[in-house]
Amino acid sequence: MAVGLGLSIGTVNTVSALADDRTAKAPPGRRRAAERAPAITRRTTLTFDSTGLARVGAIPRHGRAITEFADLSQRTAASARVGHRALTAADLVATVADCLILEARRDPRAVAAGITLTHPVGYTDLQVGDLRAALDAIGLNRVALVAEPIAAAAWLEAERGPLMPGLALVYDLGGSSLDVTLLRVGAGCPENPIVGVPVRSADFGGRAFGSLVAARAGNSSRAAHLSGAVRGATADELRTDHVRASLELVYRCLRMADVTMADVDCVLVVGGAARPSEVPQVLSDELARPVIIAPDPERTIADGAAIIARRAAAAGEDPAHARRRVGAHRRAEESELVPAWMRAAPQPGRRSRTTRALLLSWRTRRRLTRAATALGMSAGGVALAFALPADAVIAGLGLG
């Protein structure tokens, strides 16, 4: 059974998810919560003990937890020194991935799982290369890297079934930023399905909304007063205004791709900060396009990465598939040396004795053709051959 492990390491939270053949065979759009593969969410923090052993998600009572390292595009991305080792931000992300993989392999299904790690869509080739080198340095060379919106599109295809060719807008509202990406989906989409240029802003997301709430409540308010000040309709209004203001990024992404909202088939909403119902509701009302969101949008990208990893594992673990592909290639090369009528005929070894007698080999047919030509018949005069089952004598009938 093919199993995939998907890893999504965000600035605030980290999610790991498994996907197996059972989830792949479930009817699209009808998966119950009990049928969904397990997922684990942790804070994106790292701590190291005295032996250098790393732990993910721990916030020690004494000591320091390393945070703010997951986004390599930030100049302020944290680095660390552990013993005699200086770890860059890419090394810390690779360390988190290694911890998650070791934890996932406690499940026997995940021991031979394919693994996919996602990264922000705005990474440059240099940043992706740094992450690739950090993974390879600790023996994770088989971990595949994929951009976050591409993993989200894989979830969409698996959840909604085969998609018609078109455009999907991925609205990723995370803890620290908003990423808007336009993708081609459906049959025939290219290897790199991103259209135009993705747009990112730190002015929207979980932290930005928290700052908005704090500004509304007042900097001098106590914690109890702060929670009461944003309760009920006030919080809904703030979130609605927050999402509505983010539409400028959506329209900017569309302009850079030279398309309009009418060209977009659906809007896929992902990210932990997109869980409140006001987010998809505002997008649906303002954009007037179908909005798709998972029950837990925080794990959508990890689920999509797990689906990609499962597909890769399924392709790699089926040796018969590789043998069939090699055999087909060899048959294609050999067919250039065999006449068309011989190529169309099934293999003689699987036929009855009488049927085998009806088939002339290429060499025999060429000899009979020469003999017919010498007797004055046309080359097509030996197009008919038959066999007498009693004595299996092959005869050519001239029709010239």
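The values are calculated or read from the model by the stated rules, or taken from the named source; none is laboratory data. What you see is a predicted model, and the numbers here were worked out from it, not measured in a lab. Every residue, glycine among them, receives a Cβ derived from its backbone with ideal geometry; neighbour counts consider all protein chains shown.
In the range 234-258, of all residues being part of a helix (DSSP H, G or I) and of a type in the set (S, T, N, Q), the one that is farthest from ILE194 (Cα to Cα) corresponds to THR234. For the range 174-187, the condition holds for no residue, the condition being that it is in a strand (DSSP E or B), aliphatic (A, V, I, L, M) and under 16 Å from GLY6 (Cβ atoms). It is to be established whether one or more residues within the range 154-171 are in contact with a helix residue (DSSP H, G or I) (Cβ under 6 Å, 6 or more places away or on another chain) and among the hydroxyl-bearing types (Ser, Thr, Tyr). No: the range 154-171 contains no residue that is in contact with a helix residue (DSSP H, G or I) (Cβ under 6 Å, 6 or more places away or on another chain) and among the hydroxyl-bearing types (Ser, Thr, Tyr). In this structure, does VAL143 turn out to be modelled with pLDDT of 95 or more and under 21 Å from VAL259 (Cβ atoms)? Against the criterion (modelled with pLDDT of 95 or more and under 21 Å from VAL259 (Cβ atoms)), VAL143 does not qualify. In the set (1) more than 27 Å from THR118 (Cα to Cα); (2) under 17 Å from the mean Cα position of the chain (by Cα); (3) β-branched (Val, Ile, Thr), the condition left unmet by VAL269 is number (1).
Looking only at residues of the range 74-93 that are in a loop (DSSP other than H, G, I, E, B) and among the β-branched types (Val, Ile, Thr), we find that the one that is modelled with the lowest pLDDT is THR76.
For ALA112, indicate whether it is out of contact with any helix residue (DSSP H, G or I) (no Cβ under 6 Å at 6 or more places or on another chain) and not in a strand (DSSP E or B). Yes; evaluated as a whole, the condition is true for this residue. The listed residues are VAL170, VAL128, and the only one of them that is assigned to a helix (DSSP H, G or I), more than 16 Å from ALA309 (Cα to Cα), in the same structural domain as ILE308 (by TED's automatic domain parsing) and β-branched (Val, Ile, Thr) turns out to be VAL128.
Output the number of residues of the range 276-293 satisfying the condition of being outside any helix (DSSP H, G or I) and within 16 Å of TRP155 (Cβ to Cβ). Looking only at that region, the number is 4. Taken over the range 64-86, the criterion of being crowded, with 17+ Cβ neighbours inside 10 Å and under 23 Å from VAL146 (Cα atoms) is satisfied by PHE69, ALA70, ASP71, LEU72, ALA77.
Here GLY210 meets each of (1) modelled with pLDDT under 90; (2) under 30 Å from ALA94 (Cα atoms); (3) assigned by TED's automatic domain parsing to the domain that holds VAL269; (4) not hydroxyl-bearing (Ser, Thr, Tyr) with one exception, condition (3). The residues on offer are LEU167, LEU145, LEU173, and the sole one that is under 25 Å from GLY196 (Cα atoms) and touching a Gly at 6+ places or on another chain (Cβ under 6 Å) is LEU173.
If I ask for residues that are under 19 Å from ALA94 (Cα atoms), β-branched (Val, Ile, Thr) and either at pLDDT below 90 or within 20 Å of the chain's Cα centre (by Cα) (or both), which ones from the range 1-53 would you list? Hits for the range 1-53 are ILE9, THR14, VAL15, ILE40, THR41, THR51.
The rows are residues; the columns are (1) at pLDDT 90 or above; (2) under 30 Å from the mean Cα position of the chain (by Cα); (3) surrounded by 21 or more Cβ atoms within 10 Å (Cβ to Cβ).
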residue	(1), (2), (3)
GLU157	yes, yes, no
PRO162	no, yes, no
ALA187	no, yes, no
GLU191	no, yes, no
PRO198	yes, yes, yes
ALA202	yes, yes, no
SER220	no, no, no
SER227	no, no, no
GLU248	yes, yes, no
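Residues of the range 129-141 being surrounded by fewer than 17 Cβ atoms within 10 Å (Cβ to Cβ) and either under 22 Å from ASP172 (Cβ atoms) or touching a residue at least 60 places away in the same chain (Cβ under 8 Å) (or both), which ones? Hits for the range 129-141: nothing passes. A single entry from ALA112, ALA154, ALA158, ALA97 fulfils the requirement of being in the same structural domain as LEU18 (by TED's automatic domain parsing), among the aliphatic types (A, V, I, L, M) and touching a strand residue (DSSP E or B) at 6+ places or on another chain (Cβ under 6 Å): ALA97.
Looking at ASP98, ASP71, can you tell me which residue is of a type in the set (Asp, Glu) and modelled with pLDDT of 95 or more? It would help to see each step written out before you state the result.
Values: ASP71 fails: modelled with pLDDT of 95 or more.
Exactly one of ASP98, ASP71 is of a type in the set (Asp, Glu) and modelled with pLDDT of 95 or more, namely ASP98.
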